Amino acid sequence: MNRAVEIYSRIPKTHNCAQAVAAGCGREDLLEPLKANGGGRSPEGRCGALHVALLLSPAERHAAIKATFREQAGSEFCKEIRSMGKTPCARCVEIGAELATPK
């Protein structure tokens, strides 16, 4: 389990998906600004985990990150992902953290 998923899965819940990816990537400075970016409230309704992966990555990687996220999660958009019922939020957090960390 990667660090972002571990943070996201804590009980009681302390981080939304966007905050968990940021914290998992060592960007605690983003926790407060990302407080409102969970549950489909990221820009354009994107998954918060994807939003942070894009935020932490150079613009030239954005198209590839979005494509990989769509392929693995089924969509870029939180409401679509949730309505399909195939990809749990913790998996989106895992994908987002992996994409935010260049190999």
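The values are calculated or read from the model by the stated rules, or taken from the named source; none is laboratory data. Only a predicted model underlies this, so the values are computations on that prediction, with no experimental measurement involved. Every residue, glycine as well, gets a Cβ built from its backbone with ideal geometry; the counts of neighbours run over all protein chains shown. Surface areas here come from the heavy atoms of the whole protein model, side chains and all, with no ligands, DNA or RNA. Shrake-Rupley method; radii C 1.70, N 1.55, O 1.52, S 1.80 Å.
Annotations for the structure displayed:
- Packing-based ranking, highest mean first, of 33-43, 15-25 given that Cβ atoms within 10 Å are counted: 15-25, 33-43
- Kirkwood radius, region 19-64, all distinct C-alpha pairs, inverse of mean reciprocal distance: 10.7 Å.
- The Cβ shell under 14 Å around Glu44 holds other residues with a net charge of +3, Lys and Arg each +1, Asp and Glu each -1.
- With DNA, RNA and ligands ignored, accessible area of Phe77 (1.4 Å probe; Å², nearest 10): 70 Å²
- Option label - Cα extents along the principal axes in Å computed here, alternatives [x] 31, 30, 26; [y] 37, 29, 23; [z] 73, 25, 21: [x]
- Residues listed by number, region 35-67, amide nitrogen under 18 Å from Arg10 label point at 7 Å toward C-beta: 35-39, 49
- Computed extension gain for Ala63 through Lys79, at 0.36 nm per residue and net of the alpha carbon distance, reaches 3.7 nm.
- Share of carbon and sulfur in the accessible heavy-atom surface of the chain [1.4 Å probe, %]: 55 percent
- Close amide-amide hydrogen proximity is noted between Phe77 and Cys47, each under 5 Å apart and 5 or more residues distant or on a separate chain (H modeled in the peptide plane; Pro and chain starts excluded).
- Number of Lys pairs (Cα under 19 Å; 8 or more positions apart or on different chains) in the chain: 5
- The per residue volume of the convex hull around the alpha-carbon atoms of region 44-91 is 64 Å³.
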